[in-house]
Amino acid sequence: MKRLLCLLAVLTAAATSPAAQPNIVFFLVDDMGWQDTSVPFHTGTTELNRRYRTPNMEKLAAGGVKFTQAYASAVCSPSRVSALTGMNAARHNVTNWTLRKDVSPDPADKRVQPPAWNVNGVCMDAGVAGTMKVTPLPALLREAGYRTIHAGKAHFGAVSTPGENPLNLGFDVNIAGHAAGGPGSFWGEKNYSAAWRSPERIWDVPGLEKYHGTDTYLTEAITIEAIAAVEKAVADRKPFYLYLSHYAVHAPFEKDPRFYQKYKDAGLKEHEAVYASMIEGMDKSLGDVMAALQRLGVDGNTVIVFMSDNGSPQENPRNLPLRGHKLRPYEGGTRVPLLAKVPGVTAAAAVCPAPVIIEDIFPTLLELAGVTWAGRTEQKVDGVSFLPLLKGAGSDPARPFVWHFPHTYGQTPFSAIRVGDWKLIHHHVTGKLELFNLANDIGEAKDLSASEPEKTRTLAAELTRLLKERGALMPVDKTTGKVFAMADDGGD
């Protein structure tokens, strides 16, 4: 009876709530590749689309817009900071993943010394070494009256810095978020901790003690808590921003028992079945959230944006026809799934081929919320609202997209630019330039830099200009003591 009365109160509040401010759900998945879904983001259905089961992504795509050329950074923290601030990674200089205070994950290299990047992430405080002071998205939404809810992976700042705690970045509620970019374990039986296999406790997921010792998979526990926070916001008649940022489908690769066996029975190899089960568990979370919005009577006034923070890592099946994987400058590292549904705005089952990038999340969500941000942020915002695309309008074909990774972690340093269908990659150490036409060669198999010298020079000049304008940091060549050259200059 008590539960029924509580539900009735929530429904009554929802029915009488003003609809001026839409609720917003930003559903961010970790390390999910462009093809790691039954929703085809390519021109046709691929082998991976047939392998995975994501019926709730299918439902969201059927009710909204599918973006077939959405991008993020090639690794997690840069993407997350870009969505939080609207800044391109070359500007915020959180260009690799963060964890330990003042410690970079870059391995030592005989020739390359990575620059003094913002290894401690971002925060709202001035004077914190190794960070950038910013005005985060949730802080602006909170000022506008939103209940701001963080659930899942944070990964905005290093341990013992303000940015490690989402409550210091404009969130009213923090569920399971801290400095680490992956969980100790996905299994409740292991207390979401790595202690059973390692003495390292830095990865242990905080705040979910009530599920310790149970068979509740981490994705499910976070979803339950996130929905409870949404229920409270609706009951309190507060518009809400739910940033549901799952640790899934990041390593450690641990099977979700609810879905694993059917993939094994279908003949998949062990890792393939484990990964497929993690994907379906993530999709169930999306379905549970959508069902909760409908049950609470707020689905007609709630924006849902679904995205991944980078491509799938090399342990997983290749996201063909894309080349490369997480950490790489190629499409397999940076092209990601993006779905959006805005009641009263998006057409059903729409497909948008216009390129967008993760820093666009910041201005888009603020515009949807009716929040003016220009002139109110510490940072200069690089992102552009894609609300016109949600409405079915065209885009600027000459708008440049930039990636910058001046590091030795898992990859040699690179920068890249895309303008229209053309993409140029600059490898810092060798100086090599690669040019691809993505309209004709989505798999980036044919380097056109030699046959298209003028296009190569033009894009190299534009990449250099934008990196300099954004204050991008370049690695140092230990053999000369000088920074490596940018794409079309001598490194001056």
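The values are calculated or read from the model by the stated rules, or taken from the named source; none is laboratory data. Please read all numbers here as calculations on a predicted model, not as lab measurements. Neighbour counts are summed over all protein chains in view; Cβ atoms, including those assigned to glycine, are modelled from backbone coordinates with ideal geometry.
Summary table
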{"item": "Within the stretch 279-333, considering residues that are within 17 Å of the chain's Cα centre (by Cα) and part of a helix (DSSP H, G or I), the one nearest to Val356 (Cα to Cα)", "result": "Glu331"}
{"item": "Criterion (at pLDDT below 95, assigned to a loop (DSSP other than H, G, I, E, B) and under 26 Å from Leu467 (Cβ atoms)) met by exactly one of Ser395, Ser385", "result": "Ser395"}
{"item": "Extreme residue, farthest from Val75 (Cα to Cα), among residues of the stretch 382-399 that are buried (at least 21 other Cβ atoms within 10 Å of the Cβ) and touching a helix residue (DSSP H, G or I) at 6+ places or on another chain (Cβ under 6 Å)", "result": "Phe386"}
{"item": "Residue in the stretch 439-461 that is in contact (Cβ under 8 Å) with a residue 40 or more places away in the chain and within 25 Å of Lys380 (Cα to Cα) present", "result": "yes"}
{"item": "Qualifying residue in the stretch 125-145 (condition: charged (D, E, K, R), crowded, with 24+ Cβ neighbours inside 10 Å and part of a loop (DSSP other than H, G, I, E, B))", "result": "no"}
{"item": "Flag for Asp360 being under 20 Å from Gln69 (Cα atoms) and touching a Lys or Arg at 6+ places or on another chain (Cβ under 8 Å)", "result": "no"}
{"item": "Failed item, numbered, when Ala276 is tested on (1) part of a helix (DSSP H, G or I); (2) free of Cβ contacts under 8 Å to residues at least 60 places away in the same chain", "result": "(2)"}
{"item": "Residue check for His92: touching a Phe, Trp or Tyr at 6+ places or on another chain (Cβ under 7 Å) and not small (Gly, Ala, Ser)", "result": "no"}
